[in-house]
1. Hey, can you rank 156-169, 188-201, 353-366 by average C-beta count inside 10 Å, highest first?
2. Please tell me which of these pairs span more than 30 angstrom C-alpha to C-alpha: Lys150/Lys206; Lys225/Lys259; Lys70/Lys350; Lys102/Lys350?
3. Roughly what % of DSSP beta bridges within the range 66-249 run antiparallel, to the nearest 5?
4. Express in whole angstrom the spacing between the alpha-carbon centres of the range 176-210 and the range 295-358.
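Read-outs: derived from the displayed coordinates by stated rules, not from any lab. This is a predicted model, so every value here is computed, not measured. Cβ sites come from the backbone with ideal geometry, for glycine too, and all protein chains shown count toward neighbours.
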Amino acid sequence: MEHVEDLLDGEDDIQEEEDAEKFSWEKDYEKSWENVQVSGGILLGTGAGQEDGAGQRAATVGGPRARVRKGMIRNMVLVLDMSLSMRDLDFRPDRINCAIQKCSSFIREYYSQNPISQMAIVTLRNRRADLLVPMTSNPAEQIHQLELVKEQQGLEGYPSLQTGLERCLRLLSVIPPYGTREVLIVYGSLNTCDAGLISTTVEALKAAGIRVSIVGLSPEMYVLKTVCKETGGEYTVALSTAHFEELLLAHVSPPLWAKGMQQTLVPMGFPTLQRRKEPMMCVCHLRVTHEGYICPRCRSLVCNVPSKCRTCTLNLVSATDIARSFHHLFPMKPFQQCEEGGVCVGCRRKNLTIAFRCPDCREVYCSECRVLAEGTLFHCPTCTLLEDPAAPSPQDHYTHNGTASGAADADGDVMMDTS
């Protein structure tokens, strides 16, 4: 896992260097006049750049603050339009490169907020729907395949929305009923070349409980809007590169519990990392390696977690993955903007022009520390240090409802409640 995280961090650094080397005419223009901040008739400057990355997560990923029932084990198919319409230059540098870059960022954020979920990638080109990456929990492999897809496959012909939806239907129809079934399509064409009636495919999607959402790079289309409306998804149209990224990040938070989903206990195994001098073969890639995670049930070797053991089909996760998923069920209270001045309890900055206060511990944070707490940590650091009794824990929630959060079976696996 450390090797995968290092690869992802290296890719982020390379992308930032490439963005910094772009000429001014290759970048999107910035409306800096919209970020002007004035207090008491005094110009304080612009707020541009204060909330990037984690700031967008705090604004878009946070979602509803009330406690609601959500599907925590997600199964999503990301569909990318690879037709000739993706050559247009209205998104810099062009549609396909912009889509690949933003989809890569979406995949990183998706697994950061949903570590026990899965995703598959499908491409639409020349009336076909090709499976680029099967259902997996390995973001490094998915991002690598996305970066190579343009050179290996190229842009060709017209897309077929019906063919893509039928491919997604076959992928998601075998998903257990306790997991979500989602389709997210990045669509750039103004037409769809289908061999039959798309209404029959939509009815099959509704019967299977599959939710289809589409982010369009071209003007609104009636057929796309109808598909999303009938399946309970969302249809949005990107107006700029920044807006496109914002629309994608809006799908990072898990959706509400669907009507056809079933609440059940799911066996979870917590494998141990082992390093040996003698070579071993993993069951996920059939490759020889000297380190990996050992399945607690069948003793098979897998390369990464979270994943599913191909020998005994046990879900393999780590304790940190389970803990990182709880903030969707128990969201923190949003910070409230307060009067100017004071000292930030996080970075100790004084004379704050923009200050935020935690509603529980009443401590003051600056805008950067507030973005860190709401967009990355998902809890107030001061409340955690003080062990504020007003902040409920997952254990208190399950005890109050009279149900247990997990139970062990005869094989030593942990049963996790999916609701």
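1. Details: 156-169: 22.1, 188-201: 16.0, 353-366: 18.8.
Going from most to least packed, we get 156-169, 353-366, 188-201.
2. Working: Lys150/Lys206 32 Å; Lys225/Lys259 22 Å; Lys70/Lys350 40 Å; Lys102/Lys350 36 Å.
In this structure, Lys150/Lys206; Lys70/Lys350; Lys102/Lys350 exceed 30 Å between Cα atoms.
3. Of those bridges, close to 20 percent are antiparallel.
4. Taking the Cα centre of the range 295-358 as reference, the centre of the range 176-210 is 32 Å away.
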